[in-house]
1. Cβ-Cβ distance below 6 Å, separation of 6 or more or different chains: which pairs start in the range 434-450 with a residue that is under 22 Å from residue 398 (Cβ atoms) and end on one that is open to solvent by 30 Å² or more (accessible area, probe 1.4 Å) and within 11 Å of ligand 2 (Cβ to nearest atom)?
2. Go through (1) within 16 Å of residue 378 (Cβ to Cβ); (2) outside any helix (DSSP H, G or I); (3) modelled with pLDDT of 95 or more and name the single condition residue 159 misses.
3. Which one of the conditions (1) of a type in the set (Val, Ile, Thr); (2) in contact with a helix residue (DSSP H, G or I) (Cβ under 8 Å, 6 or more places away or on another chain); (3) not in a strand (DSSP E or B) does residue 188 fail to meet, given that it meets all the rest?
4. Within the range 91-119, can you find the residues that are closer than 13 Å to residue 165 by Cα and either within 20 Å of the chain's Cα centre (by Cα) or at pLDDT below 85 (or both)?
5. Identify the single condition in (1) open to solvent by 40 Å² or more (accessible area, probe 1.4 Å); (2) under 12 Å from residue 136 (Cβ atoms); (3) hydrophobic (A, V, I, L, M, F, W, C) that residue 203 does not satisfy, given that it satisfies every other one.
6. Hey, could you check the range 441-456 for residues that are out of contact with any Cys (no Cβ under 8 Å at 6 or more places or on another chain) and open to solvent by 20 Å² or more (accessible area, probe 1.4 Å) and say which is farthest from ligand 2 (Cβ to nearest atom)?
7. Condition first: touching a His at 6+ places or on another chain (Cβ under 9 Å), at pLDDT 90 or above and open to solvent by 10 Å² or more (accessible area, probe 1.4 Å). Now tell me which residues in the range 369-400 satisfy that.
Amino acid sequence: MIHQYKNNGYDIVLDVNSGSVHVVDDMCYDIIDYLNKLGVEDNMELLEQNETLEKMETDLGETYPVEEIAEAFEDIKELVKAGQLFTKDVYEEYIGEVKKRKTVVKALCIHIAHDCNLACKYCFAEEGEYHGRRALMSYEVGKKALDFLIANSGNRRNLEVDFFGGEPLMNWQVVKDLVAYGREQEKIHNKNFRFTLTTNGVLLNDEVQEFVNKEMDNVVLSLDGRKEVNDKMRPFRNGKGSYDLIVPKFQKLADSRNQQKYYIRGTFTRDNLDFSKDVLHFADLGFEQISIEPVVGEESDFYSIREKDLPQIFEEYDALAKEMVKREKEGKGFTFFHFMLDLDGGPCVAKRLSGCGSGTEYLAVTPWGDLYPCHQFVGEEDFLMGNVDEGITKPEIADEFRGCSVYSKEKCKNCFAKFYCSGGCMANSYKFHGSIHNAYDVSCEMERKRVECAIMIKAALADKERV
Ligand code: SF4
Ligand code: SF4
């Protein structure tokens, strides 16, 4: 499968199955397009037939000199021989194995507090309440969650634990006690816990910072960008904005971690479709690890992204990508999470095909110890998989998630982004289509645009001629 596009002055050809990226001139671009439309992928013999070149020279000869077309055609044939163009899908045959593979639990999202001190308008946790009661996890339940993880992790040594909410700092003592318990248990069981804290920063202070820097492998800091944007969507319960209180604390924390092992995460909505300004605002505040992602809301929510917003969103991603290349070349680069792409192989085959691991390798635990496929499914009773006392009581739910891959979804089969996106978010698919084996089209459009931008950035950074 070939995907070709033009971005920021680059003509880019992606050979989807091999992952090869070619930056070409206009003529090569048009020839590859011509061959693709001719059906070369399904009939390689066309490449060796004289008529193919003759036809092409007739059809493209008005635009390009025929002798150059012939030369470029030879180069293209070389790329085909080298397995970098018009390659076959070698992953499809692995899908049976991917479905059958034995998985272990590697990561838990621990909902340490279903309570929050902010009242964010788009909060899927419903201001920390998660379709139900407010609750803080007890130390006892937390301990059982860590025991469950150890017991279900097989030979896997590194285990990820994300302290999530609501707002985890509202149950801070239990977080600290659980970290201490984890450190004790990891020695006994030869494991290594990598803890993450996700926080809105309201209760962040020096004591928290010191502990986090000692114990947390990663910290996710929630903030939406410019003051007016943030304060509209992330107010306190009394309506006051949270930006002024939080920004200095986040800056201090990020610096104290040498701008590593954290990221600042925001959400953009229909209210700030010019979100590239928010990303750059973060960069201008000194943050180097940045994530801003589109909100997912109901059609009826005033802030949710609509199909008609996509053209503007695409322009924003393009503008951001261009600016990132510029800043990187000036030595002022930063990481934007959604443009991070591993073009040299990426994660393992199973991960490439089936994605985030929710429901199999990654589970969420509620404050009272129930297990769900991930934080977004919490409260959806059909997805209640078990609890920390009894373990997984509904393995069929895990089986369903294990069977979910880019080949189980009709939409993904022919999508050029499939090996980078791995089939999208199952929670979003469920939310919009009532099934995890589908994909939410508006998200897909944005994902494909991000993949294009990410590839362009790599191409531009490798280009030493253009400043
Ligand atoms: S962008 Fe959408 S269609 Fe493409 S692989 Fe991802 S989920 Fe599937
Ligand atoms: S299903 Fe969606 S929300 Fe849940 S872990 Fe996967 S990507 Fe994240």
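1. Filtered contacts from the range 434-450: 436/430; 439/424.
2. (1) is the only condition that residue 159 fails.
3. So the condition that residue 188 fails would be (2).
4. Across the range 91-119, the qualifying residues are 108, 109, 110.
5. Only one criterion is unmet by residue 203, namely (2).
6. Just the residues of the range 441-456 that are out of contact with any Cys (no Cβ under 8 Å at 6 or more places or on another chain), to begin with: 441-442, 445-446, 449-450, 452-456.
Those still in the list that are open to solvent by 20 Å² or more (accessible area, probe 1.4 Å) too: 441, 445, 449-450, 452.
On the way: 441: 16, 445: 17, 449: 18, 450: 14, 452: 20 Å.
Among them, the one singled out is 452.
7. The answer is 375, 380, 400.
Residue-wise test of (1) within 20 Å of residue 247 (Cα to Cα); (2) open to solvent by 50 Å² or more (accessible area, probe 1.4 Å); (3) touching an Asp or Glu at 6+ places or on another chain (Cβ under 6 Å); (4) assigned to a helix (DSSP H, G or I).
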position: 142; (1), (2), (3), (4): no, no, no, yes
position: 150; (1), (2), (3), (4): no, no, no, yes
position: 153; (1), (2), (3), (4): no, no, no, no
position: 163; (1), (2), (3), (4): no, no, no, no
position: 169; (1), (2), (3), (4): yes, no, no, yes
position: 174; (1), (2), (3), (4): no, no, no, yes
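The values are calculated or read from the model by the stated rules, or taken from the named source; none is laboratory data. Keep in mind that what you see is a predicted model, and the values were worked out from it rather than measured. Counting neighbours? That spans all protein chains shown, and the Cβs are built from the backbone with ideal geometry, glycine included. Note: areas computed on protein heavy atoms with side chains; ligands, DNA, RNA excluded. Shrake-Rupley method; radii C 1.70, N 1.55, O 1.52, S 1.80 Å.
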